[in-house]
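**Student:** Let me begin by handing over the structure; questions about it come next.
The values are calculated or read from the model by the stated rules, or taken from the named source; none is laboratory data. Keep in mind the model is a prediction, meaning the values are calculated, not measured. When we count neighbours, we look across all protein chains shown, and the Cβ atoms used for this are built from the backbone with ideal geometry, even at glycine. What goes into the accessible areas is simple: the full protein's heavy atoms, side chains included, and nothing from ligands, DNA or RNA. Shrake-Rupley method; radii C 1.70, N 1.55, O 1.52, S 1.80 Å.
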Amino acid sequence: MAGAGVPQREIAAVLTVAVPTLRRHYHDELRRGSALVQATLVGNLLRIAGGRDATALKAIIFSLQCRFGWSRYLPPPR
């Protein structure tokens, strides 16, 4: 469920356990699920950024801002 992006609170509710119990007993699975979601999203973002339209440009700018701290408002490096 974590690999499908379901929040931990919802996973805990399905399993009828508290969130701390879920994290204690399923820590590795939650981490793997989170990594899977992140990898899927990054893969899709890179696929979109490989295009040649305005959506690709937005995806590239978003990637630069999130992954590399880029901002169009910062002065250029010297």
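**Student:** Working from Cα positions, state the angle (0 to 90°, nearest 10) between the long axis of helix 54-68 and the longest principal axis of the chain.
**Tutor:** Approximately 70 degrees, to the nearest 10.
**Student:** Of the heavy-atom accessible surface of the chain (probe 1.4 angstrom), what whole percent is carbon and sulfur? Write down the numbers at each step before the final one.
**Tutor:** Numbers: 3880 of 6480 Å².
Within the chain, the accessible surface is 60 percent carbon and sulfur.
**Student:** On alpha-carbon atoms, Rg over Rh for the chain using Kirkwood Rh? Please list the in-between numbers first.
**Tutor:** Working: Rg = 17.7 Å, Rh = 15.0 Å.
Ratio of gyration radius to Kirkwood radius: 1.18.
**Student:** Quick check for me: using +1 on Lys/Arg Cβ and -1 on Asp/Glu Cβ, what's the dipole size of the chain about its Cα centre, in debye to the nearest 20? Walk me through the intermediate numbers first.
**Tutor:** Values: 11 positive and 4 negative charges, 66 e Å.
Dipole magnitude for the chain comes out near 320 debye.
**Student:** Rounding to the nearest 10 and keeping the result within 0 to 90°, find how far the Cα-based axis of helix 27-49 lies from the longest principal axis of the chain.
**Tutor:** Helix 27-49 and the main axis of the chain meet at about 30 degrees.
**Student:** Using the heavy atoms of the protein chains alone and a 1.4 angstrom probe, what is the accessible area of the chain per residue in square angstrom? Walk me through the numbers on the way to the answer.
**Tutor:** On the way: 6480 Å² over 78 residues.
Accessible area per residue, the chain: 83 Å².
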